[in-house]
Amino acid sequence: MNTAPIFRSFPIFALSLVLLLNLSCGNEKKSVAAEEKSATEESENNSEEENSKTILFFGDSITAGYGLETDEAFPNLIQQRLDSLGYDYTVINAGLSGETTAGGLNRIDWVLKQNVEIFVLELGANDGLRGVPLAETRSNLNKIVDYVQEKNSETKIILAGMQIPPNLGADYTTEFRELFPELAEKENIYLIPFILDGVAGDPELNQQDGIHPTAEAQPILVENIWETLEPLLKN
């Protein structure tokens with residue numbers, strides 16, 4: 001039996017095996033390196049998010065952007081403006097359609113889990129439309145403000161002023177409108193005089209229900225908010 005061909009082919013086989021093992025190790029090293037790079041990038045991204053300051057919009061359907069795409073609602077437009085101007089802030093939209101001040105008070109505990117630099121409180125419209133006693137609305141808003149301040153005394157609080165149609169009488173309507181500046185002064189917090197200024201009552205800027213702003217109205221809301229918000233960013 002002639003074994004010479006077998007032994008002559010062995011070096012070729014061994015060389016092929018070595019090359020295969022080296023290639024396998026090389027691929028494994030590349031895979032490990034890729035995983036390490038991915039983990040590093042993810043860690044850096046998480047670190048950037050953790051270092052970013054937070055603005056939390058806590059409100060009802062006006063904040064939630066009822067009837068709109070998420071990216072059309074004013075909180076997202078505020079985020080876009082912040083990014084374009086180089087402000088290192090992350091906007092959180094904690095709006096909930098149909099929310100009352102009582103509902104807001106009930107959920108503030110689980111919404112306010114993270115540290116918030118600026119807290120924008122936009123609640124009260126649904127109370128007014130439902131004729132909730134104004135003392136109750138005032139008390140609920142006051143308790144929400146107190147809770148935020150107790151959670152972090154450094155958090156800057158902005159209260160969004162609201163107005164309602166005169167369906168429930170002139171006295172109720174007037175007292176409702178005055179509730180917001182009075183509370184802002186009492187609690188020494190910042191005030192947006194009327195978040196729907198330039199939008200409320202304009203059929204071209206409201207959806208068919210006559211209450212909720214359209215996508216075209218959102219930039220106006222941004223300007224109403226920005227006037228109060230921007231000085232706090234610079235500070």
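Readers should treat all values here as calculations from the given coordinates under stated rules, not as data from a laboratory. Computed from a prediction, not measured in an experiment: that's the story for all the values here. Here the Cβ is made from the backbone with ideal geometry for all residues, glycine too, and neighbour counts use every protein chain on show.
Computed from backbone phi with θ = phi - 60° and the Karplus coefficients 6.51, -1.76 and 1.60, the 3J(HN,Hα) list for the range 216-222 is 5, 7, 4, x, 5, 4, 4 Hz; x is used for glycine and proline. Within the range 216-230, whose backbone N sits under 17 Å from a point 7 Å along Cα→Cβ of Q80? Flagged as within label range: 216-226.
Using DSSP to call loops (not H, G, I, E or B), can you name the GluC sites (Glu not before Pro) in the range 132-235 whose Cβ has at most 16 other Cβ atoms within 10 angstrom? Please report the intermediate quantities before stating the final value.
Numbers: sites: E136, E150, E154, E175, E178, E182, E185, E187, E204, E216, E223, E227; in loops: E154.
Answer in residue order: E154.
Compute the convex hull volume of the Cα atoms of the range 84-220, divide it by the residue count, and report the result per residue in Å³ as a whole number. Numbers along the way, then the final one.
Numbers: hull volume 17.0 nm³, N = 137.
Hull volume over Cα atoms, normalised by residue count, gives 124 Å³.
So which GluC sites (Glu not before Pro) in the range 71-132 end up in coil per DSSP with only 14 or fewer other C-beta atoms within 10 Å? Can you show the working numbers first?
Working: sites: E72, E99, E117, E122; in loops: E99, E117.
Here no GluC sites (Glu not before Pro) fit, given the DSSP loop and packing criteria.
Taking the Cα centre of the range 91-228 as reference, the dipole from Cβ charges on Lys and Arg (+1) and Asp and Glu (-1) amounts to some 440 debye.
Modelled label positions at D202 and K234, each set 7 Å beyond Cα in the direction of Cβ, lie 2.6 nm from each other.
Loop-located trypsin sites (Lys or Arg not before Pro) in the range 151-235 (DSSP state not H, G, I, E or B) with no more than 10 neighbouring Cβ atoms inside 10 Å do not occur.
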